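Structure first, commentary second.
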Amino acid sequence: MTDYEPPKVWSWNKESGGRFAAINRPIAGPTHDKELPVGEHPLQLYSLGTPNGVKVTVMLEELLAAGRAGAEYDAWLIRINEGDQFGSGFVSINPNSKIPALLDRSGPEPVRVFESGAILMYLAEKFGAFLPADYPARAEVLSWLFWQMGSAPMLGGGFGHFYAYAPSKIEYAIDRYAMEVKRQLDVLDRRLAEHRFLTGDDYTIADIAVWPWYGALVKGLVYDAGAFLSVHEYTHVIRWTDEIGSRPAVRRGRMVNRVMGDPVSQLRERHDASDFELRTQDKLEGEGQP
């Protein structure tokens, strides 16, 4: 328990503490002037290899693997721990200062897209892939896509923060979010017990959105929490995770803008398909792992 009593009016008079204290603040907008680089491809991605960033690089690699040549892209590294997301150029694309952010320069006027779920849906509609055109199949995919967008903050900013990053451990907060994350895993496990992919037999943007978060969790790769959450219980999620992780496009997408882990698994910037030839994909940290 704590004897903390919230004030009648909150004010920002000290850092929040914890791993990300230096980049957290209660105001929006740029902190410095910095233009973004622009490459030669139609799509310019500004991102980092976090789960939200991986969603988009996997999608782009899947589109290219499916023969959508217009999905060629440049992927530029945004180091959020160094505050790159608060540069004026990045804020002009995403006023929310979060990765990923996409600039589509294929038309007469550039189109900005921010928020990972919006980017997945934009690309799926633009290229006619991984999102059914007919209902009710389309509604099912969008339901699971938005399930992920609403659920992942409970996993990342909720459980992940209080279990792994908070400067002090709060039993109530950890118990609250651990319970919710296990409930979410049970939702997925029950669904995947009856379906190959989240919406049936077809691989869609719903799978691309959910896999980087919950696949990494059941493989024990985030927050060092595999044992704590007994993730081995979710056998159907593990089966689905391994199948998606074995896809060549997924393995490529997972490498892009990655700055952690085995250096062989990192492709910090991607400007051409040949960039992958500089890395050996069979040396990733684990077969089928996010």
State whether the residues of the range 235-253 include one that is farther than 27 Å from residue 275 by Cα, buried (at least 18 other Cβ atoms within 10 Å of the Cβ) and among the hydroxyl-bearing types (Ser, Thr, Tyr). no
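Could you look through the range 212-229, keep only residues that are of a type outside the set (A, V, I, L, M) and in contact (Cβ under 8 Å) with a residue 24 or more places away in the chain, and pick out the one that is nearest to residue 274 (Cα to Cα)? Don't jump to the end; show me each part of the working.
Here is the first cut: in the range 212-229, the ones of a type outside the set (A, V, I, L, M) are 212-215, 219-220, 223-224, 226, 228.
If we keep only those that are in contact (Cβ under 8 Å) with a residue 24 or more places away in the chain too, we end up with 212-215, 219, 223-224, 228.
Values: 212: 24, 213: 28, 214: 30, 215: 27, 219: 29, 223: 33, 224: 34, 228: 41 Å.
Looking at the filtered set, the residue picked out is 212.
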Write out, first by first residue and then by second, each pair whose Cβ atoms fall under 6 Å of each other, whose residues are 6+ apart or on separate chains, and whose first residue, in the range 171-183, is at pLDDT 95 or above and surrounded by fewer than 17 Cβ atoms within 10 Å (Cβ to Cβ) while the second is β-branched (Val, Ile, Thr) and not in a helix (DSSP H, G or I). none
If only one of 62, 115 is within 15 Å of the chain's Cα centre (by Cα) and among the acidic types (Asp, Glu), which one is it? 115
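Working carefully through the options 162, 127, find the one that is more than 19 Å from the chain's Cα centre (by Cα), closer than 28 Å to residue 248 by Cβ and not basic (Lys, Arg).
On the way: 162 fails: closer than 28 Å to residue 248 by Cβ.
It is 127.
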Every listed condition ((1) within 23 Å of residue 118 (Cβ to Cβ); (2) free of Cβ contacts under 8 Å to residues at least 12 places away in the same chain; (3) of a type in the set (Gly, Ala, Ser)) holds for residue 49 save (2)
Inspect all residues belonging to the range 278-285 and state whether any of them is touching a residue at least 24 places away in the same chain (Cβ under 8 Å), under 18 Å from the mean Cα position of the chain (by Cα) and part of a helix (DSSP H, G or I). no
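Each row is one residue, and each column tells you yes or no for (1) in a loop (DSSP other than H, G, I, E, B); (2) among the polar types (S, T, N, Q); (3) free of Cβ contacts under 8 Å to residues at least 60 places away in the same chain; (4) more than 30 Å from residue 241 (Cβ to Cβ).
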residue: 3; (1), (2), (3), (4): yes, no, yes, yes
residue: 10; (1), (2), (3), (4): yes, no, yes, yes
residue: 19; (1), (2), (3), (4): yes, no, no, no
residue: 30; (1), (2), (3), (4): yes, no, no, yes
residue: 63; (1), (2), (3), (4): no, no, no, no
residue: 95; (1), (2), (3), (4): yes, no, no, yes
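Filtering the range 24-82 down to residues that are among the polar types (S, T, N, Q) and under 28 Å from residue 220 (Cα atoms), which residue is modelled with the lowest pLDDT?
Just the residues of the range 24-82 that are among the polar types (S, T, N, Q), to begin with: 24, 31, 44, 47, 50, 52, 57, 81.
Right, trim to under 28 Å from residue 220 (Cα atoms) and you get 24, 47, 50, 52, 57, 81.
Numbers: 24: 83, 47: 98, 50: 96, 52: 98, 57: 98, 81: 91.
Within the range 24-82, the match that is modelled with the lowest pLDDT is 24.
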Any chance the range 202-211 includes a residue that's without any contact (Cβ under 8 Å) to a residue 12 or more places away in the chain and either polar (S, T, N, Q) or within 27 Å of residue 255 (Cα to Cα) (or both)? no
Do the conditions hold for residue 76, that is, is it among the aromatic types (Phe, Trp, Tyr) and under 28 Å from residue 121 (Cβ atoms)? yes
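The values are calculated or read from the model by the stated rules, or taken from the named source; none is laboratory data. Computed from a prediction, not measured in an experiment: that's the story for all the values here. Quick reminder, even Gly has a Cβ in these numbers, built from the backbone with ideal geometry, and neighbours come from all protein chains shown.
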